[in-house]
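Read the structure below first, then the notes.
The values are calculated or read from the model by the stated rules, or taken from the named source; none is laboratory data. In this text the structure is predicted, and so the values were computed from the model without any measurement. Cβ placement follows ideal geometry from the backbone for every residue including glycine, while neighbour counts extend to all protein chains displayed. Quick note on the areas: whole protein, heavy atoms, side chains included, nothing else; ligands and nucleic acids left out. Shrake-Rupley method; radii C 1.70, N 1.55, O 1.52, S 1.80 Å.
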Amino acid sequence: MDKDSIIKFGLVLMVICFVAGTALAVTYRMTKSLVEEQYQAQQLNALKVVLPQAAEFSERKSGAEIDYYEGVDKEKKVVGYAFAGAAKGYSSTIKVMVGIDPEGTVTGIKITEQKETPGLGTKSVEVPVTQTFWEAILGRGGSEKPGRPWFEEQFSGKELKNLKVVTGKTDTEIHALTGATITSKAVTKAVRESIDKFLNQLKKN
Amino acid sequence: MIGELFIIFIGVVLVNNFVLVRFLGLCPYIGVSKDLKSAVGMGIAVIFVMTMASAVTWLIYYYFLAPGPHNVWFALFGDGVDPSAFDFTYLRTITFILIIAALVQLVEMVIIKTSPALYHALGIYLPLITTNCAVLGVAVLNIDIFFKGGEAVSWSLLKSLTQGFGAGVGFTLALILMASIRERLELADIPPALKGAPIAFLVGALMSMAFLGFTGLI
Amino acid sequence: MIIQEFTKGIFKRNPVFVLLLGLCPTLAVSTSVENAIGMGAAATFVLVFSNILVSLIKNIIPKKIRIPCFIVVIATFVTMVELFLEAYLPDLNESLGLYVPLIVVNCIILGRAEAFASRNPVMLSLADGLGMGVGFSLALLLLGSIREILGSNALFGYELIPGFRPAMIMILPPGAFLTIGFLLGLFALIRSRRVEREEKMMNAEIALPEGAKE
């Protein structure tokens, strides 16, 4: 290869990379605000799910141990707190949003991020489908209101001491997902530890 | 710390094996597993490139792409500007693939100059590695796991190196196991329709099932 | 001509089942029909646009550095897909995860750019890209539906047969290897049957005039 062609090749590659970079920068600018909006909407949705009794939510407040949101009702009275927790699951870090009332009882949880095994660990966020495939095609059956994953649902109304995973039938504790005990335990651990942290923080103040 | 690195290593070699659980690098897994000798050659080449790629992509990402005070562009032009404005993370994929391609070329040239014998053994596998998705896979995965919101987690570079090396070892392990089995399969009486790739996938299914047994390890 | 370039990618030269290309994403994201469709659409988008662009700039680019140039083009489109997914379909982006950036190293795309688009006019390259993309998507869809039906007794997330207990292994990694192994075996069987039949017909044709002579 002679010098001229090396310079020419370099120039061509540089031009192409420059054009590609510019195109991507434009796309990035276009989608950036949308991504942020999506994130905000997701956060708000998660807050609504974990603190159903609240009408409005405060901005994120930072604490010594854990950041939290306050949920207030129409009279601006604090009716609950929400905060995020995380624990290592089977194949990913599971993040949850937890809501409790001032007495410390769980009002709801929502798994906000997980990359568990499809079909096993992901059952933790799957909504039970009441329709079968055939009914769906024919447009029959099923309820209009989208349900909530039963695994998340069973945390609602539980107290801290009952947040334990058991594999058998249970009404007072947390029933593990079939074939995904590690995921079930991780979610429960994330919930329990974040509540622990928050209550400690509340006591100190 | 050592314990943490060890867990990452075991995790990526056995529990989340790149080939058998994450399905990365399947083309060479099927293509280069016909005899043991080439499997070993390919394996060593991949371990080498993956470890190098993990280090280089991490450095480039940290200093050139991720936003923050460590960003080189911020240090050069960031006078009075918020460091988060220098966010070039969207160039990750394009940068990484070019780095890997250049790296493979460089390794090839160095090996030709320094050790013709080694080149003879690895040479034909090196160009194949550029499009081996396991290499880009490990680079992207390092960034996914060992960066949190643009900031590196503690010991991030060392963890990335461990994961890169471990992923290469896991790939080699799967490749060597497969090649040994296929050498014996040559003599076995199997239905003609299943000869070649189909039986290789079926063997892969059994191996993958065996590797599922490592699940509870970490 | 254009139609021919389109259909060859679907059957005769199906990238997954015949050319054995793009296996990594095929096996990894075929756990459900939804993921399969998402991945197929993303890869088709990249294939079509990279084929068009490569065909447009094929005369400007020096031969010796064409591969790096193609890679840059492909990586650009892949990143665009990534950004779009993040903005409009965050859930799908989450479940495809790592495999979206890995479309870059999907051998189908670079293979078509090098083998077809860099030698053919724009319209043909478009048809070729679309055909290959559809072929890839159909393969993903086939694998995805088999695995979802057997592995979770469902299609599109809806239960299929009430009371049937699915074989969980099919949605785990071994299930992917099993499914593709048996599918490839099945196609090989069909192909060998067809070859046998054609040979028989050829033999019969050759035998007939010889018999007539005697």
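So the values come out like this:
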quantity: Two-site label geometry, A:Ile6 and A:Gln42: point separation in nm, points 7 Å out along Cα→Cβ; calculated: 4.8
quantity: Mean ellipticity per residue at 222 nm, deg cm²/dmol - from DSSP H runs of n ≥ 4 across the protein assembly as shown, formula -39500 (n - 2.57); calculated: -19500 deg cm²/dmol
quantity: Distance histogram for region C:130-214 (every C-alpha pair counted, 5 angstrom bins, percent rounded to whole numbers); calculated: 3, 12, 14, 14, 13, 10, 8, 6, 5, 5, 4, 3, 2, 0
quantity: Value of D in µm² per second that Stokes-Einstein yields for region C:1-48, Kirkwood Rh from Cα pairs, at 4 °C (1.567 mPa s); calculated: 111
quantity: Cα pair count fraction exceeding 18 Å, expressed as % - region C:113-179; calculated: 53
quantity: Accessible area that becomes buried as C packs against B, both chains, 1.4 Å probe, Å², nearest 100; calculated: 3000
quantity: Dimensionless Rg over Rh [the protein assembly as shown; C-alpha; Kirkwood]; calculated: 1.00
quantity: Accessible solvent surface per residue of region B:31-187, calculated while the other protein chains remain in place, 1.4 angstrom probe, Å²; calculated: 44
quantity: Chain C: DSSP helices with Cα axial extent of at least 30 Å and average Kyte-Doolittle hydropathy no lower than 0.5; calculated: C:33-57, C:66-88, C:122-152
quantity: Protein accessible surface hidden between B and A, which excludes ligands and nucleic acids, total in Å², probe 1.4 Å; calculated: 700
quantity: Loop-located trypsin sites (Lys or Arg not before Pro) in region C:97-163, at most 14 other Cβ atoms within 10 Å (DSSP); calculated: C:Arg119
quantity: Extended-chain gain in nm, criterion 0.36 nm per residue less alpha-carbon gap, C:Ser192 and C:Ile60; calculated: 43.1 nm
quantity: Relative counts (whole %) of C-alpha pair distances in region A:51-204, using bins that are 5 Å wide; calculated: 2, 9, 17, 20, 18, 14, 11, 6, 3, 1, 0, 0
quantity: Contact order relative to length of region B:1-114, as percent, for alpha carbon pairs under 8 angstrom and 6 or more apart; calculated: 16
quantity: For region B:53-142: Kirkwood Rh in Å [reciprocal of mean 1/r, alpha carbons]; calculated: 14.7
quantity: Stretchable slack from B:Leu206 to B:His120, in nm (0.36 nm times residue separation minus alpha-carbon distance); calculated: 27.6 nm
quantity: Inter-label distance, nm, simple model (7 Å from Cα along the C-beta direction), C:Met202/B:Ser154; calculated: 7.1
quantity: Helix A:181-204 axis, angle to chain A major axis (alpha carbon atoms, nearest 10°); calculated: 70
quantity: Globularity ratio of chain C, using Cα Rg and 2.2 N^0.38 Å; calculated: 1.23
quantity: Relative contact order of chain A, defined on C-alpha pairs under 8 angstrom at six or more residues apart (%); calculated: 17
quantity: Trypsin sites (Lys or Arg not before Pro) lying in DSSP loop within region A:27-99, provided at most 14 other Cβ fall within 10 Å; calculated: A:Arg60, A:Lys74, A:Lys76, A:Lys77
quantity: Scaled radius of gyration (Cα, divided by 2.2 N^0.38 Å) that chain B gives; calculated: 1.15
quantity: Peptide A:176-183 - average C-beta neighbours from other chains (10 Å radius); calculated: 1
quantity: Candidates per GluC sites (Glu not before Pro) in region A:38-73, loop by DSSP, up to 12 other Cβ within 10 Å; calculated: A:Glu59
quantity: DSSP H segments from chain B that extend 30 Å or more along their own axis, Cα-based, with Kyte-Doolittle mean of 1.0 or above; calculated: B:36-60, B:92-114
quantity: Inter-chain Cβ neighbour average for residues B:83-92, partner chain, 10 Å; calculated: 3
quantity: Ranked order, B:Asp82, B:Asp35 - accessible area, probe 1.4 Å, largest first; calculated: B:Asp82, B:Asp35
quantity: Rounded FRET efficiency, nearest 0.05, which uses the C-beta distance separating A:Glu75 from B:Leu106 and R0 of 56 Å; calculated: 0.25
